[in-house]
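Novice: Just dropping this structure here.
All of the numbers you see were taken from the coordinates with simple rules; none came from a lab. All values reported here derive from a predicted model rather than from experimental measurement. Please note: Cβ atoms are built from the backbone with ideal geometry, for glycine as well, and neighbour counts cover all protein chains shown.
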Amino acid sequence: MSIGTANSTPAIAVRDLHKSFGKNEVLTGIDFHVDQGEVVCVIGPSGSGKSTLLRCVNRLEEPTSGTILIEGVDITDPETDLAAVRTRIGIVFQQFNLFPHLTVLRNLTLAQRRVKGRSKAEAEEVARRNLEKVGMAGRESAYPAQLSGGQQQRIAIARALSMDPDMMLFDEPTSALDPELVGDVLEVMRTLANEGMTMMVVTHEMGFAREVGDRLVFMDGGVVVEQGDPVEVLSNPQETRTRGFLSKVL
Ligand code: ADP
Ligand code: MG
């Protein structure tokens, strides 16, 4: 596989991706890419395959067929060192998935030490820097249950960032939050985007998609139905299915 020059190689390139669960084909030929430094928001009805696509990008799901290139490396190739590729991809889920029995600081240092082999001091320094970034400095010794959902999600983002990923995938990161806690999480994501982080964001937050997204992708029935500039797609959708979906959520 050609590596190409750093900036011309997409961060994520998905070609003709199919994924079935038993007889249920949920991705029916997805072509999708995220360029380096790009923020791509993915919207679509429940069950349209958004999470499955995101999970395939990290091979949390095994694709049935098709190709997935991460920075030019084919992760569907059995020869590929999947663990190495995964360290470049940070993922944040709807449920924050923090380790409940560990303090915030330990949540942020554990994988750094185990996977990156960092010393305790180095891992803690990186952790503190990222806690600062998400507005959670000073909460190092708290346990997840002592924090609000929005705070836990910001910790989960800081934990992912502490692995120095090249790109971040978000799967409905604010959907489990009380409405008043959504803004703080989106603000952290907006800061990341402004710093040039490559991001794939599955979301129902149309305001975020419009203001922060470089491109908006609408999925339905396991395919990409329409994509383009978020303002264009949201204000002037070309496809009937996109119009139908937007009329329900906007
Ligand atoms: P979305 O994130 O857009 O709501 P999903 O990707 O979660 O959609 O799901 C797409 C379809 O795949 C749904 O019909 C769902 O039931 C099915 N599906 C997802 N994960 C699994 C799984 N692990 N086993 C079987 N079916 C699944
Ligand atoms: Mg989903």
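Novice: If I model a spin label at A111 and E132 as a point 7 Å from the Cα along the Cα→Cβ vector, what separation in nanometres do I get?
Specialist: Computed distance between label sites A111 and E132 equals 2.2 nm.
Novice: Okay, next question. Using modelled backbone amide H atoms (1.01 Å from N, in-plane), which distant-in-sequence or interchain residues come within less than 5 Å of V223's amide H?
Specialist: Sorted by chain and number, the residues that satisfy this are T28.
Novice: Another question, then. With no solvent and one equal point scatterer placed on each C-alpha of segment 128-250, evaluate the Debye formula and give log10 I(q)/I(0) for q = 0.11, 0.22 Å⁻¹, two decimals.
Specialist: -0.43, -1.28
Novice: Lysine pairs in the chain 8 or more apart or on different chains: how many have alpha carbons under 24 angstrom apart? Please report the intermediate quantities before stating the final value.
Specialist: Working: K19/K50; K23/K50; K50/K248; K116/K133; K120/K133.
Here the count comes out as 5.
Novice: Follow-up. Put a dot 7 Å past each Cα toward the Cβ at E187 and D16; how far apart are the dots in nm?
Specialist: 4.7
Novice: Just to be sure I understand the curve: with the Debye formula and one point per C-alpha of segment 1-130, what is log10 I(q)/I(0) at q = 0.09, 0.15, 0.21 Å⁻¹?
Specialist: Values returned for q = 0.09, 0.15, 0.21 Å⁻¹ are -0.34, -0.87, -1.25.
Novice: Moving to a separate point now. Subtracting the Cα-Cα distance from 0.36 nm times the residue separation, let me have the gained length for T240 to H204 in nm, one decimal. Intermediate values should be presented prior to the final figure.
Specialist: Details: separation 36, 0.36 × 36 = 12.96 nm, distance 1.90 nm.
Result: 11.1 nm gained on full extension.
Novice: Exactly which GluC sites (Glu not before Pro) in segment 95-175 are in a DSSP loop and have at most 10 other Cβ atoms within 10 Å? Kindly include the intermediate steps, with their values, before the conclusion.
Specialist: Numbers: sites: E122, E124, E125, E132, E140; in loops: E140.
Here no loop site has a sparse enough neighbourhood.
Novice: Report, in debye and to the nearest 20, how large the dipole of segment 84-193 comes out about its Cα centre when Lys and Arg carry +1 and Asp and Glu carry -1 on their Cβ. Working shown, then result.
Specialist: Values: 15 positive and 13 negative charges, 118 e Å.
So the magnitude is around 560 debye.
Novice: Out of G222, A11, Q95, whose Cα points farthest toward the positive end of the dipole of the chain (charges: +1 Lys, Arg; -1 Asp, Glu; placed on Cβ)?
Specialist: After comparing all options, I get Q95.
Novice: Ok, one more. Nearest-5 percent of antiparallel DSSP beta bridges in the chain?
Specialist: Numbers: 20 of 37 bridges.
That works out to approximately 55 percent antiparallel.
Novice: Please compute one quarter of the surface area of the Cα convex hull for the chain and express it in square nanometres.
Specialist: Numbers: hull surface 56.0 nm².
That works out to 14.0 nm².
Novice: Something else now. Which Cα, out of V185, G49, T240, lies furthest along the positive dipole direction of the chain (beta carbon charges, K/R +1, D/E -1)?
Specialist: V185
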